[in-house]
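Beneath this line is the structure, given in C-alpha cells, with notes to follow.
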Amino acid sequence: MNPFSSGTRLRDMIRSIRGCKTAAEERAVVRKECAAIRAAVSENDQDYRHRNLAKLMFIHMLGYPTHFGQMECLKSIASPGFPEKRIGYLGLMLLLDERQEVLMLVTNSIKQDLNHTNQYIVGLALCALGNICSAEMARDLAPEVERLLQFRDPNIRKKAALCTIRIIRKVPDLAENFINSAASLLKEKHHGVLLTGVQLCTDLCKVSSEALEYFRKKCTEGVVKVLKDLANSPYAPEYDIAGITDPFLHIRLLKFLRVLGQGDVDTSDCMNDILAQVATKTEPNKNAGNAILYECVATIMSIEDNGGLRVLAINILGRFLSNRDNNIRYVALNMLMRAITVDSQAVQRHRATILECVKDSDASIRKRALELVYVLVNESNVKPLTKELIDYLEVSEPEFRGDLTAKICSIVEKFSPEKIWYIDQMLKVLSEAGNYVKDEVWHALIVVTTNASNLHGYAVRSLYRLVQTAGDQEILVRVAVWCIGEYGDMLVNNTGFLDMEEPITVTESDAVDVVETAIKRHSSDLTSRAMCLVALLKLSSRFPSCSVRINDVIVQYKGSLVLELQQRALEFSAIVDKHRNIRSTLVERMPVLDEATYSGRRAGSVPAVVSTSQGAPINLPNGVAKTTSAPLVDLLDLSSDDVPVPSSSGGDFLQDLLGVDLSPSLSQTDTNQAQKRGTDVLLDLLSIGTPPAQSNSSIPEMVSPSDDSKSAINVLEQLSSPSAPAGGVSTPPGSSPMMDLLDGFAPKPENNVPAYPSIVAFESSTLQVTFNFSKQPGNQQTTIIEANFSNKTFDAYTDFIFQAAVPKFLQLHLDPASSDTLPASGNGSISQKLRITNSQHGKKSLVMRIRIGYKSNNKDMLEEGQINNFPRGL
Amino acid sequence: MIHFVLLISRQGKVRLTKWYSPYPQKERTKVIRELSGLILPRGPKLCNFVEWRGFKVVYRRYASLYFCMCINQDDNELEILEIIHHYVEILDRYFGSVCELDLIFNFHKAYYILDELLIAGELQESSKKTVARHIAAQDSLVETAKEQASSLSNIIAEATK
C-alpha cells in the first residue's frame, strides 16, 4: 500500500488547512497533500481514489491547480460501484469544464451509464451531461437522452428533460427530435417532471419556430388548464410555499404562456382569463406571491394587447413601486422599463415615485430608476425632470455622479426646447459636476454657443458669474476661458443684454483676471493652460489697454517645460509684441461652427476626426488645434473638406513664408493670406506664428537647410515622429503642419531621396508581410519602413504582435501598429512603422529577423523568419 | 437560466461554486473576486440584486454565508430568491440546522444536494421531500457498498489469517 496516500483523512486535511494561520502555511499543507495525491495517482492506487478525489475538490475550491486529478475522475467514473461513480461524476463537473479535451474521453462511460440498470447511476450520468456537455457530446448522446424522456421513473424523466435543454442550447438543430416527447411531458402529474417539461418546451420554442407553432396549436389549452388547476388547487403541504402551491411551477407556466402568446392574438385571448385570475387572486404579502405576480405582469405586457389586463398589470406595478421592500421596488422599476413601450402614459403617472427612486440609498435601485427616467423624458416634461435631476446632482454620491451627469447631458442635448435653456442647464451641470462631463459634451456646448449669436453675451456673462463661485471645476473653467477669449468685449460692454439677466459690471481687467487665475491655478492641466494662452492672445486684441499686462503673463510661459506651452507662449508674445497691425485680424472671432457637421462627426460618420479629438491630446501635432480641442480640430477639417488644402500646398505656403521671411513684406503677405482664406484662420495663425518664432529663436541653424545641421533636424524628427499618425504616408492635411514645416526645411525633398522598391519581406501560407521604404531627407543612415501585414486565411487574427530583431550595427525603433486585429482573407491590413538607423551605411546592408504572434480561432500562432532581401543601399 | 451558483463566507472565502455556463478557470477566480467586492460590502437593508457585466446576481445572506446566483437580465429575480431559500431549507433539513462548518466539512454533500435541485442552470424539483428522499437513497447505496467492501475485506482478512 502506498505509504503517502494512507496518510490523512479528508476531514483531517480540511482541519489542518483551516488551522493554518498564514497563506504560506496553507500553501505548504496543500503542497504536501498534492504531492501525496500525485504519488497515489502515479501508483494507480484504487483504495483511496475516492478520498483523494474529494481532497482534490476541496483544494480546487481554494483556488489551487488540480489538473493532475482529471484522469482520476475518469477512472473513477469507469469503475463499477455507485460510490466511486458518484464522486467521479462530481469531480468531473467540478474539476473540468466543457472546453477540455479530456471530456471527450468520458463520452463512452456516460453512454454506458445512461443505459445502466441502476436508476441512480443513470441519474448521475444525466446530471453530469446536463451540466457540462459540449456540442460533440450533445450530438453523440442525444438519442440516449431522448429515450430516457420516457423512462418509467419520474426522477429520470425530469433529469432527462433538463439534460435536453442543455443539448438543444448547444446544438439547436437537434430541437426537432425532441418536440413530441417534450409535449408528452406537459401531461404529467408529477411536479418535478411537469416543472422541467414546461421549461424544456419554453426552451424548445426559443430555438425552433416549428416547435413554437406546434406547442401553440396543440398545447396552449392544456397549459392553461394546468395553470388553472394549480392556481385553484387545495393546500398541498409538499409543494406549499407561503400559502401558494408550487410557485416555481406557477412561474414556469406563466413564462411558457408568454412565449406562446407573444405575437399571436388567438393564443393570447385563450389565456386572458387565467392571467386575470392569477393577477387578482395571488397574495402579494410574501416574496413567493410577488414573484408570481411579477412573472404574470411580464406575461401580460408581452402577449397581444388586452387593455383591461394591462391596466391591471400597471396597477400591480404601481403597488410594487410603493412597497417598502427594496427588492419589490427594484423589480417594479425593472418591469416599468418594459411596460413603457406598451403604455408610456400609464408609466408617466408614476413619474414622481420613480424620481424619488433615483435618490434612493441603494445603488441597484438608483441605477434602474435613472435608466427609467431617461426613457420617460419627452419634450413636454424635460424641464421639470431635468431640474429635479440637476438638483439631485448637488447632493448625490460621488460614485453615482458619473452616470447621472452623462444621463442629464444626454437628456438636455436630446430634448432641449430652446438654446438658452440648453446653455443654462449645461452650465449648471458644469458647475456642479464639471469633471464628470465627457469631452464631446462640452465641445458640443461650445459649438451650440457659437451658433446662437444672440446669446453670446448672455453665455459669457453667465460663465463669468459661475467661474467666480465654482472655479474649481476644470471643465467649466475651460468653457469660460474659451468664451471670454472669444466674447470678452461682450462681457465688458454688456452686449446683447437680456431682460431676465441681472445687471453686472465687469471691467477689462476683471476678465483678464479670470483667465490669469485659471492659467496659474495649480490643478489646471495642459489643455486648460493652452486654452488660457489662446484666450489671452485674443483678449490682448479685444482689450488693447490690457495688452502689456497680458504679455507679461504670456511671457512667463516662455520658459515652460512643456513644449506645447513654451512654443505657444513664444509665438503669442511675438504677436502681441511685434505685430500689432495684424493682431486684430489674426484673432478675429472664430467662424461659426456647423452644428450639423459637428453632431454628424460625433455620431461617428467621420471616425478619423472623432479619434483625433478623443485621442491622447499630447500627440496632436497641431498645437493650436489642440488647445481649443475638438471644435477647432473640426474647423481645420472643415476647411480641408471645403477648400482642398493638401499637405503639399500647405508646404508651399510655408515655403512661401520662409522665402519671404527675410523681406520686410512679411506681414503684408500674412495678412493677404489670412484674408484670402477666411476659414483657415487657424492654419494661418499657426503658419504665421511659427516661422518668426523660430527665426527669432536661439537655434537659427534649424532654418538653414544644410546637411551638417543633422542634429537640429534630428530634434525636429523626434518632435514630429510621435505626432505622425501611425498610418504614416498620407497624412491628413489639416493635422500635420509640423510635418509640412519639416518638408519646408529640406530643399526639394522628393528629388533628393532615391526611391526604393517595395519587397515582400515574409510570406507563409497564412500571412504576407510587405515592406515599403522611404528615407528621411538629409539622413541617409535612417530608413523608414512601413510594414503591411495581410491575412491569407479565412479567419480573422487577434492579438497580433510583430517583433523584429537586428544585428548590433543597426538601431531599430518600432512605432505602435495601426491595430492588433487582422481581418480575414486580406480584407484589410495592419501597418506598422519601423525606423532603422544603419551605422555602417554604405558598407553593410540591412538584415532582420522577425517573429509574428497572433491568435487565430483562439489558438496561439507563431511565425518566424529572416529577411535578407532588402534593396541595396539602405 | 442560472449561470453559476456561489457560496461565499463573510470573509470572502469560497464555500461552493457551481458553473452552468462555460467560464475558464482564470475567469472564475476573477468573477469570484469581483462579486465578493460587490456583494459583501452591501448593507442589510438594500435590495438583494446587483447588476454585473450585463447580468444580475441575486444574493441572500444566511448568518455568515452569502448564497449568490447569477441570472440573465430578464429572468425573475424574486423567484431566484425563493430557489436560494429552497436550497437552504433542504440543506437545513439534511444536516439538521445547518451551519457553515457543515458545508465546509461536508462540501461534497452540499454539491450532491445542489445537483438534485439544479441541472443545466434550471430548477429540477420543487418538493423538498423528494430531494431529501433521493439523497437519502443514494447515501444508503454508498453505505451498503462500504459495508460490503468492509465485510468482504474482513472475510479475506480472516481467510488469509
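Across all directions of projection, what mean area in square nanometres is found for the Cα convex hull of the range A:759-867? Result: a mean projected hull area of 6.7 nm². Of the residues in the range A:314-342, those shielded by at least 20 Å² of accessible area once partner protein chains are present, compared with the chain alone at a 1.4 Å probe, are A:Asn326, A:Asn327, A:Tyr330, A:Val331, A:Asn334, A:Arg338.
Between the range A:567-585 and the range A:216-234, the C-alpha centres lie 85 angstrom from each other.
Projecting the Cα atoms of B:His86, B:Ile8, B:Cys70 onto the dipole axis of the range B:2-126, where Lys and Arg carry +1 and Asp and Glu carry -1 at the beta carbon, places B:Ile8 farthest toward the positive end.
Of all accessible surface on the range A:402-599 at a 1.4 Å probe, what whole percent is carbon and sulfur?
Accessible surface attributable to carbon and sulfur in the range A:402-599 totals 51 percent.
In a reduced charge model with +1 at each Lys and Arg Cβ and -1 at each Asp and Glu Cβ, chain B shows a dipole moment near 680 debye about its Cα centre. Derived scalar couplings between HN and Hα for the range A:77-91 equal 5, 6, 6, x, x, 5, x, 5, 4, 4, 6, x, 5, 4, x Hz in order, rounded to whole Hz, by the Karplus curve 6.51 cos²θ - 1.76 cosθ + 1.60 (θ = phi - 60°), x for Gly and Pro.
Of interest is the spacing of the C-alpha centroids, which for the range B:137-155 and the range A:88-126 amounts to 23 Å. For the range B:29-70, accessible area lost to neighbouring protein chains reaches 10 Å² or more, against the chain alone with a 1.4 Å probe, at B:Arg42, B:Lys45, B:Leu46, B:Cys47, B:Asn48, B:Phe49, B:Glu51, B:Lys56.
Remark: for residue pairs A:Lys286/A:Lys367; A:Lys32/B:Lys30; A:Lys159/A:Lys225; A:Lys286/A:Lys407; A:Lys383/B:Lys30, the C-alpha separation exceeds 32 Å in A:Lys286/A:Lys407; A:Lys383/B:Lys30. Note that the range B:83-91 has calculated 3J(HN,Hα) couplings of 5, 4, 5, 3, 4, 4, 5, 5, 4 Hz, one per residue in order, obtained from phi through the Karplus relation 6.51 cos²θ - 1.76 cosθ + 1.60 (θ = phi - 60°); glycine and proline are x. Computed with a 1.4 angstrom probe on protein heavy atoms, the B-A interface buries about 5900 square angstrom of accessible area in total. Of the accessible area of the range B:1-154, computed with a 1.4 Å probe over protein heavy atoms only, carbon and sulfur atoms account for 56 percent. Think of a 1.4 Å ball rolled over the protein heavy atoms: the range A:275-328 then has 38 Å² of accessible area per residue. Residue ranking by accessible heavy-atom surface, 1.4 Å probe, largest first, among A:His50, A:His579 comes out as A:His50, A:His579. Straight-line reach from A:Lys775: taking Cα to Cα under 20 Å and skipping same-chain neighbours fewer than 8 places apart, the lysines in range are A:Lys710, A:Lys748, A:Lys833, A:Lys843, A:Lys844. Per residue, the accessible area of the range A:402-599 comes to 39 Å² when a 1.4 Å probe rolls over the protein heavy atoms. Counted over all Cα-Cα pairs of the range A:477-604, pairs farther apart than 22 Å make up 40 percent. Each of A:Asp391, A:Asp815, A:Asp97, A:Asp305 has its accessible area taken with a 1.4 Å probe; listed largest first, they run A:Asp305, A:Asp391, A:Asp815, A:Asp97.
For the Cα trace of chain B, dividing Rg by the Kirkwood Rh returns an Rg/Rh value of 1.09.
What aspartates and glutamates could a cross-link reach from A:Lys228, if we take a straight Cα to Cα line under 12 Å and drop same-chain neighbours fewer than 8 places away? Output for A:Lys228: A:Asp273.
Charged neighbours of A:Thr798, selected by a Cβ distance under 14 Å, balance to -2 (K, R count +1; D, E count -1). A simple rule links phi to the HN-Hα coupling: the Karplus curve 6.51 cos²θ - 1.76 cosθ + 1.60 with θ = phi - 60°, which for the range A:55-69 gives 4, 4, 5, 5, 4, 4, 5, 6, x, 8, x, 9, 4, 5, x Hz, with x for Gly and Pro. Once the partner protein chains are put back, the range A:140-173 shows a loss of at least 20 square angstrom of accessible area, versus the chain by itself, at A:Asn155, A:Lys158, A:Lys159, A:Leu162, A:Arg166, A:Arg169 (probe 1.4 Å, ligands and nucleic acids excluded). When +1 charges are put on Lys and Arg Cβ atoms and -1 charges on Asp and Glu Cβ atoms, the dipole computed for the range A:126-252 relative to its Cα centre reaches about 120 debye. Counting only Cβ charges, +1 for Lys and Arg and -1 for Asp and Glu, the dipole size of the range A:759-867 around its Cα centre is about 520 debye. Accessible surface computed residue by residue for the range B:2-126, with neighbouring protein chains in place and a 1.4 Å probe, gives 34 Å² per residue.
Taking amide hydrogens as placed 1.01 Å from N in the peptide plane, the amide H of B:Leu16 sits under 5 Å from those of B:Leu7, each at least 5 positions away in sequence or on another chain.
Of the accessible area of the range A:759-867, with the probe set at 1.4 angstrom, what percent is carbon plus sulfur?
So the carbon and sulfur contribution to the accessible surface is 46 percent.
Averaging the Cα positions of each part gives two centres, and for the range A:767-821 and the range A:150-189 these lie 56 Å apart. May I ask which of A:Lys520/A:Lys558; A:Lys206/B:Lys26; A:Lys206/B:Lys56 have a Cα-Cα span longer than 25 Å here? Beyond 25 Å: A:Lys206/B:Lys26.
The values are calculated or read from the model by the stated rules, or taken from the named source; none is laboratory data. Note that the structure is a prediction, hence the values are computed from the model and not measured. Virtual Cβ from ideal backbone geometry, glycine too; neighbours counted across all protein chains shown. When the accessible area is computed, the model is the full protein with side chains, heavy atoms only, and any ligands, DNA or RNA have been set aside. Shrake-Rupley method; radii C 1.70, N 1.55, O 1.52, S 1.80 Å.
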